[in-house]
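To start, the structure itself, in structure tokens.
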Amino acid sequence: MTRHIVFIAASFVTVLFAPHAGAWGGPHGPITRAALDALPAWQQEVLGAERQPLASLYCALPDLVYSRADLAPYAMMDSRPGVKYLVGLHLPASPADNYALLTYFLGRAVDALRTNNVAGAARYAGTLVHMLEDWSCPAHVVPDDNMFTLFKQFLPPPEKYAHVPLHSLVESGTFTVAIDGYRPSLAGTSVPEAAFILLRRSQEGTRFARGQVVPILNALYAGDTNAWNAAQQTAACFGARLAADALYTLICLARDRFGPDEAGALQRIDLTYYAPLEAPDLYLPQAAFFSRPYWGYATVGASLRDGKTAVPLALRVSEAGRETIRVFEHGVGVGTRSVLTYLIPKDVYARFQVSAGLHAELGGSGHVRFEILGNGKRLADLSPVQGTMPAHTLDLPLAGITNLQLIATSAGGDGSGNHAVWGAPRLLKEER
Ligand SMILES: [Zn+2]
């Protein structure tokens, strides 16, 4: 069975999810079942009879903490004693908070499965997939606007919905969840690494779900049931793939069973696509803008001519004694003063590599100082790069570091050429 239909029967939702409903309501079941069906046979065997309650009950566990005292401990954290309802399990919070939640519940599930406590592992796994499914659910991803009261100001509803809280309407369609043929992907060979990779995938899920919010509301307002369901379905399928990756990784970790290709693919990680801590809700607030060479924000994968036209990232680099221009597919284009702070999983990666300099085409009149800090301590402080000077390529040790900052500041001049580039920022597991 690979297609799972979401039936929103009011009585069912009321019984199972009240009074703390929401979070996909009924769809947690079909999303989780689709994720479980995507697991390889050996993993289905590991879960055995626990697959059924995982898909029908445990995946809703964080919504049941007040009605099921027996299950509540599986949605609680040692670091928050007595706190029964963890908001972070339902709404994406800051990267650091989300990372802590992922680490804890993945870790608990892995520990339980390692001691063959399959029932305990399935309960913690239910909490784990619930949070990932909620973080990629359109109803949960508009920061601080769970009922869409602010959103209604941007997208005024017809009279019919003027006073109706929109949360459940944004997530309660009737649609199938099918990810046939999806092969779950390994997120890490240790819990901290897997939590870090799942964090990035969950951020993609949050952004993707945000992209469905306006289509869902427009369809709802227009009474277009097909479009309303379709936009929810596409987000639910994203959530199912995310949940499949989490479950797959959990069982691989507990059984120490990794394909060599899968583990090899995790040796180097591109930092470009992680949201910096300056963007706790995955967008850069005005407080994080820089002022030169234009008033704006860090741009992934491009530098901006005049602050609006994307130009590929390019740096002058010295290679074998010869200066050439290297184009970077991955990296971040910034101005001055810019600070980008990244959460780093402790002792997972041995080194950080990056090329830092002025954009080869746009930076001719620039003067920029580049600094890199690890846990607040200076790891690199480059002599200011000016005009057509070549970029620096750095390779820095990361032992013990959990917080990495990339800082670009003006080093004189009028700043009109301060198109700074962090090219190919990467975390590497292997020692030099
Ligand atoms: Zn929830």
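The values are calculated or read from the model by the stated rules, or taken from the named source; none is laboratory data. Just so we're clear, the structure is a prediction, and the values are computed from it rather than from any experiment. Don't worry about glycine lacking a Cβ; one is built from the backbone with ideal geometry, like all the others, and counts go over all protein chains shown.
Annotations
- The one condition from (1) over 22 Å from PHE105 (Cβ atoms); (2) surrounded by fewer than 22 Cβ atoms within 10 Å (Cβ to Cβ) that GLN232 does not meet is (2).
- Selection status of SER185, of a type in the set (Gly, Ala, Ser) and touching a Gly at 6+ places or on another chain (Cβ under 8 Å): no
- Single residue of ALA69, ALA21 found to be assigned to a loop (DSSP other than H, G, I, E, B), surrounded by fewer than 21 Cβ atoms within 10 Å (Cβ to Cβ) and modelled with pLDDT of 95 or more: ALA69
- Residues located in region 131-188, provided they are touching a strand residue (DSSP E or B) at 6+ places or on another chain (Cβ under 8 Å) and β-branched (Val, Ile, Thr): THR174, THR176, VAL177
- SER79, sole failed condition from (1) surrounded by 21 or more Cβ atoms within 10 Å (Cβ to Cβ); (2) of a type in the set (Ser, Thr, Tyr); (3) away from the ligand (no atom under 16 Å from the Cβ): (1)
- Residue match in region 343-365 (condition: touching a residue at least 40 places away in the same chain (Cβ under 8 Å), crowded, with 24+ Cβ neighbours inside 10 Å and out of contact with any strand residue (DSSP E or B) (no Cβ under 6 Å at 6 or more places or on another chain)): yes
- Taking the numbered list (1) polar (S, T, N, Q); (2) within 16 Å of the ligand (Cβ to nearest atom); (3) crowded, with 16+ Cβ neighbours inside 10 Å in turn, GLN43 passes all entries but (2).
- Looking only at region 312-342, residues that are surrounded by fewer than 16 Cβ atoms within 10 Å (Cβ to Cβ) and in a strand (DSSP E or B) come to 7 in all.
- Complete set of residues in region 201-259 that are among the polar types (S, T, N, Q) and out of contact with any helix residue (DSSP H, G or I) (no Cβ under 7 Å at 6 or more places or on another chain): GLN203, ASN218, THR225, ASN226, ASN229, GLN233
- Region 73-86 - residue that is in a helix (DSSP H, G or I) and touching a helix residue (DSSP H, G or I) at 6+ places or on another chain (Cβ under 8 Å) and, of those, farthest from ASN146 (Cα to Cα): TYR74
- Any hit, region 278-291, residues being crowded, with 18+ Cβ neighbours inside 10 Å and hydroxyl-bearing (Ser, Thr, Tyr): no
- Any hit, region 184-197, residues being assigned to a helix (DSSP H, G or I) and within 16 Å of the ligand (Cβ to nearest atom): no
- Within region 98-155, the set of residues being more than 15 Å from the ligand (Cβ to nearest atom), hydroxyl-bearing (Ser, Thr, Tyr) and in a helix (DSSP H, G or I) comprises TYR99, THR103, TYR104, TYR124.
- Just so you know, in region 87-97 the residues that are part of a helix (DSSP H, G or I) and under 9 Å from MET131 (Cα atoms) include one that is farthest from the ligand (Cβ to nearest atom), and it is GLY88.
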